[in-house]
Amino acid sequence: MTESQVATTGHSILLGDGKLSFIDDDVEKVAVHESKVGEVRGTRVMKELDMDIALLKAGKVDSVVWHFFPSDVSSKLGPSMNTLRQMAKKAEDAGVNIQFVIHPPGV
């Protein structure tokens, strides 16, 4: 399975990066929280964003929040401002609301 593929089975969804998330139709609200540590860049992050947009548009989830945490090793944190703007624009252009939260060191 490639990163951009999403496979569904019953009430679960297997994301291309091997993560397994469970989606239950009986739950009123389903929120996806994506967590990233250190620097975030490249086409992989945009493909992950595409998967989250697809889940929102398909009504499989109610909300998506991306969390960016600093790396203890490199001290780098999150995407560049340009990448963050591109991500926000991509979500906006798709007609979905995705929150992006940057968690500064020590907070």
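The values are calculated or read from the model by the stated rules, or taken from the named source; none is laboratory data. Not measured: the values here are computed from a predicted model. Neighbour counts are summed over all protein chains in view; Cβ atoms, including those assigned to glycine, are modelled from backbone coordinates with ideal geometry.
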Review point. With respect to the numbered conditions (1) at pLDDT 90 or above; (2) of a type in the set (Lys, Arg); (3) not in a strand (DSSP E or B), which one is the sole condition not fulfilled by Arg41?
Key: (1)
Check your understanding: Which ones in segment 55-64 are among the aliphatic types (A, V, I, L, M) and exposed (fewer than 15 other Cβ atoms within 10 Å of the Cβ)?
Key -> Ala58
**Study point:** Test set (1) assigned to a helix (DSSP H, G or I); (2) β-branched (Val, Ile, Thr); (3) at pLDDT below 90 - Ile53 fails condition number
**Key:** (3)
Review point. Say we look at segment 70-97 and pick out the residues that are among the acidic types (Asp, Glu) and closer than 28 Å to Gly59 by Cβ; which of these is surrounded by the fewest Cβ atoms within 10 Å (Cβ to Cβ)?
Key: Asp93
